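Remarks on the structure that follows.
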Amino acid sequence: MELEQLRQLVAFAEYGTLSKAAEALHLSQPSLSRTMQTLEEELQGKLFVRQKNRIVLNETGWIAVEQARKVLSSAEELAERVRLAERSRQSISLGACAPVPIQDLRPLLRELYGEITVSAELRDTDEALLEGLHKGEYQMVVTHQKPPEDEALFCFPYREEHLSLLVPAGHSLAMLPVIHASDLANQNLLLYSEIGFWTQVCREKLPEAHFLFMNEWDAFGDLAGLGAFPCFVTDAFSHRTQAVNKVVIPIEDRDFQTTYYFVCMVQEQEKFRELITRLKEKRFRTEPL
């Protein structure tokens, strides 16, 4: 029995007739008919009710179709896992919930594993990251919440991030010593679109604010430094915040502070032992703004 025979059986079930299935599979109708006959012989059971110029699946045939779909799905999963395993030998894939972890880990990964390609992907939710980790899409992820208890996962908190607001010196908010979410109601705020879970935080916690989204980082940086709109800045890289006639005001709400968790599969812990040691030794600290 071959997978191609099962694919043709499933196609017949989906299209309903030999002619339509053969057309979809780019086969001749006699060829598909022979495959169905051969499959019956190999399974040692009748799968079809044969009528004049037509065949239809019988009860046994539908059972065969159901099982064939499961076999094909398992075969696809096998092939995907092999591809991911081979790719993991040649590259390291990182998934993160925000830009800061990518900027933390990518240089370290390149330093420690210089001969291996490092790829990084930003995702909006921890759930998507953990699902990707379990599926082998990522070899490590960084979440903004501690993952649920799972014996298959190794994790530890490695740094914090606090957001502040960068405000033009002449803005009405500039005189405030700290910012609360309520202060930003009806304010026009400049927001970079690729910030992972922070986008959802801003939408949920600042429902009355008006956001001007930008997806070009260079243009966003220019406008943030020179424009009239307040924008968010992070204490993770405060030394990069250089803007004339701007005031940085801490946001006091806990919703705009987070702890990042490094997560990998337990069986990969030894492989990334040196990285984990470096992360723990480095002890990333937030910088005063």
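Look at (1) out of contact with any strand residue (DSSP E or B) (no Cβ under 9 Å at 6 or more places or on another chain); (2) under 30 Å from LEU279 (Cβ atoms); (3) surrounded by 19 or more Cβ atoms within 10 Å (Cβ to Cβ) and you find that GLY95 fails only one, number (1).
For the stretch 262-272, a residue qualifies if it is part of a strand (DSSP E or B) and either outside the structural domain of LEU94 (by TED's automatic domain parsing) or farther than 17 Å from ASP104 by Cα (or both), and exactly one does: MET265.
Take the stretch 127-170 and flag every residue that is more than 22 Å from PHE272 (Cβ to Cβ) and free of Cβ contacts under 8 Å to residues at least 60 places away in the same chain. Of everything in the stretch 127-170, just one residue is more than 22 Å from PHE272 (Cβ to Cβ) and free of Cβ contacts under 8 Å to residues at least 60 places away in the same chain, namely GLU127. When SER182 is tested against (1) free of Cβ contacts under 8 Å to residues at least 40 places away in the same chain; (2) more than 31 Å from the chain's Cα centre (by Cα); (3) part of a strand (DSSP E or B), only condition (3) is not met. Among the criteria (1) in contact with a strand residue (DSSP E or B) (Cβ under 8 Å, 6 or more places away or on another chain); (2) surrounded by 13 or more Cβ atoms within 10 Å (Cβ to Cβ), the one PHE156 does not fulfil is (2).
When the helices (runs of 4 or more DSSP H) confined to the stretch 6-103 are screened for residues that are modelled with pLDDT under 95 and among the polar types (S, T, N, Q), those reaching at least 2 such residues are found at 29-43, 59-90. The set of residues in the stretch 222-239 being assigned to a helix (DSSP H, G or I), touching a strand residue (DSSP E or B) at 6+ places or on another chain (Cβ under 9 Å) and surrounded by fewer than 18 Cβ atoms within 10 Å (Cβ to Cβ) consists of LEU223, GLY225, SER238. Scanning the stretch 128-169 for residues that are closer than 27 Å to GLU252 by Cα and part of a helix (DSSP H, G or I) gives no hits.
The values are calculated or read from the model by the stated rules, or taken from the named source; none is laboratory data. No experiment lies behind these values; they were computed from the predicted model shown. Every residue, glycine as well, gets a Cβ built from its backbone with ideal geometry; the counts of neighbours run over all protein chains shown.
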